[in-house]
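Structure first, then comments.
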Amino acid sequence: MSLAIETACIHGNGQLEKDHPYRSITTPIFQVATFAHPGIGKSTGYDYSRVGNPTRNDLEQVVNSLEHGSGCLATTNGMAAIWLTLELFAPGDHIVASEDLYGGSVRLFDAVRDSHGISVDYVNTSHPELVRAAINDHTKALYIETPSNPMMEVTDLSEMRKIADENDLLLIVDNTFLSPYYQNPIDFGADIVLHSGTKYLEGHNDTLAGFVISKDPGLHDKLSFLYKTTGPCLAPFDCFLVLRGIKTLSVRLEKQQENALKIARWLKEHPRVKDVYYVGLEDHPGYEVNKKQARGFGGMISFRTDSKETAERILSKIKIITFAESLGGVESLMTYPMLQTHGYLPAEVREKLGITDTLLRLSVGIENAEDLIDDLAQAFEEETEYREREKKMFTSGFRCSTYS
Ligand SMILES: *Cc1c(COP(=O)(O)O)cnc(C)c1O
């Protein structure tokens with residue numbers, strides 16, 4: 001059965017709740033390590049929770065149907081999902097990756113280069129000719145984030161599929177930023193889709209999770225074997241929380257995107273903002289490509305302030321928005337990529353990518369947009385401006401509650 005995405009967020013492939021004991025509406029938490037065998041050579045379908053667990057199975061079915069895959073594995077977090085995928089490669093293999101990837105992915109790639117002999121070259125994958133030029137005889141995969149993190153570069157997935165076909169490569173896409181609600185890379189030729197489920201899928205900043213979704217059953221079988229062998233399986237209670245989070249994915253993302261568009265437009269007009277990187281702005285260089293392959297733009301904005309002092313002032317003065325790592329949850333969070341998500345990168349690489357001391361990244365939550373904009377407005381202000389405004393408001397007999 002093919003269900004619309006809002007329905008699939010709640011019912012997966014439509015088969016979930018019928019199988020639950022007592023026809024429980026929600027998936028029970030099967031907090032169990034092992035299962036009794038009904039007889040010799042017989043199984044209920046579950047034998048041991050590293051290999052399979054009913055709560056995890058429901059979650060994997062839901063995420064698999066959201067991403068149009070033929071199989072999904074739920075891992076302890078996003079890094080475990082990426083690590084598991086890298087187990088597909090052998091010493092000597094080469095991967096071409098987007099240059100502004102999540103910093104933790106770059107750290108992992110550096111680690112496997114040293115310990116496993118797998119090398120990675122980074123290029124701006126929004127330019128297919130640069131991807132072609134980086135391929136050599138040992139290249140086995142393209143590894144893409146679109147939009148990228150934190151510079152919001154958009155990569156044309158159909159172009160990447162063409163290049164992958166010409167060179168017999170796997171196309172791997174980390175789809176954390178747009179989530180399956182807005183983008184399904186498998187429909188554009190991805191072989192493997194990865195997620196940090198910690199972000200939009202779970203959505204409440206309270207659980208770590210990761211996902212590996214395969215287009216082909218054969219690839220899923222290979223990954224399942226690696227999964228049960230190495231054991232990065234998500235615990236039943238965490239599976240329950242992510243299942244619960246996904247039920248509201250559609251309403252959360254609609255609101256986050258609506259808020260993000262308002263905030264991006266406001267930031268664009270602010271005299272202390274030099275650049276706004278939001279894929280939903282029509283003058284974003286990736287706007288058209290993103291429109292072709294995604295149903296929306298998401299809730300992630302990066303912006304560049306006029307000085308390091310302004311960036312630091314904003315981080316120290318925001319009140320509703322929290323200065324914290326991570327993204328995708330209902331709470332708005334602001335990150336200083338240079339020191340946090342991308343602190344791992346060497347300074348000259350960060351500089352080249354534009355991840356400098358004036359760049360801030362905002363993950364827009366589901367709060368009221370005007371409250372978020374008011375919070376940003378007061379955070380941008382210098383002390384003297386603040387005092388002047390207070391004085392004016394005092395003399396005009398009006399006091400704005402937002403600033404009290
Ligand atoms: C957070 C993140 C990861 C890592 O996921 P964890 O759940 O934190 O391990 C990977 N890729 C992207 C794009 C991320 O934002």
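The values are calculated or read from the model by the stated rules, or taken from the named source; none is laboratory data. Only a predicted model underlies this, so the values are computations on that prediction, with no experimental measurement involved. Cβ coordinates were reconstructed from backbone atoms using ideal geometry, including for glycine residues, and neighbour counts include every protein chain displayed. Ligands, DNA and RNA are excluded from the accessible area calculation, which covers all protein heavy atoms including side chains. Shrake-Rupley method; radii C 1.70, N 1.55, O 1.52, S 1.80 Å.
For the stretch 5-246, the relative contact order comes to 25 percent (Cα pairs under 8 Å, sequence separation of at least 6). The alpha-carbon of Lys308 sits under 24 angstrom from the alpha-carbons of these lysines, leaving out residues fewer than 8 places away in its chain: Lys268, Lys274, Lys317, Lys319, Lys352. For the chain, with all protein chains in place and a probe radius of 1.4 Å, 54% of the accessible heavy-atom surface sits on carbon or sulfur. When each of the peptides 65-77, 304-316 is scored by how many other beta carbons lie within 10 Å of its residues on average, the order from highest to lowest is 65-77, 304-316. Using the average count of surrounding beta-carbon atoms within 10 Å as a protection proxy, the listed peptides 42-48, 193-199, 366-372 rank, highest first, as 193-199, 366-372, 42-48. Measuring nothing but how far apart in sequence close Cα pairs (under 8 Å, 6+ apart) lie, relative to its length, the chain scores a relative contact order of 16 percent.
Could you order the peptides 82-90, 152-160 from most to least packed, using the average number of other C-beta atoms within 10 Å per residue? List each step's numbers first, then the result.
Details: 82-90: 19.1, 152-160: 22.4.
Top to bottom by mean Cβ count within 10 Å: 152-160, 82-90.
Give me the count of lysine pairs in the stretch 189-256 whose alpha carbons sit under 26 angstrom apart, restricted to pairs 8 or more positions apart or on different chains. Spell out each step's value before the answer.
Values: Lys199/Lys215; Lys199/Lys228; Lys199/Lys247; Lys199/Lys255; Lys215/Lys228; Lys215/Lys247; Lys247/Lys255.
Qualifying lysine pairs in the stretch 189-256: 7.
Solvent-accessible surface of the chain, averaged per residue with a 1.4 angstrom probe and all protein chains in place: 44 square angstrom.
Cα centroids of the stretch 357-397 and the stretch 25-82: 47 Å apart.
With Cα atoms as the point set, the radius of gyration and Dmax of the stretch 5-246 evaluate to 18.2, 59 Å.
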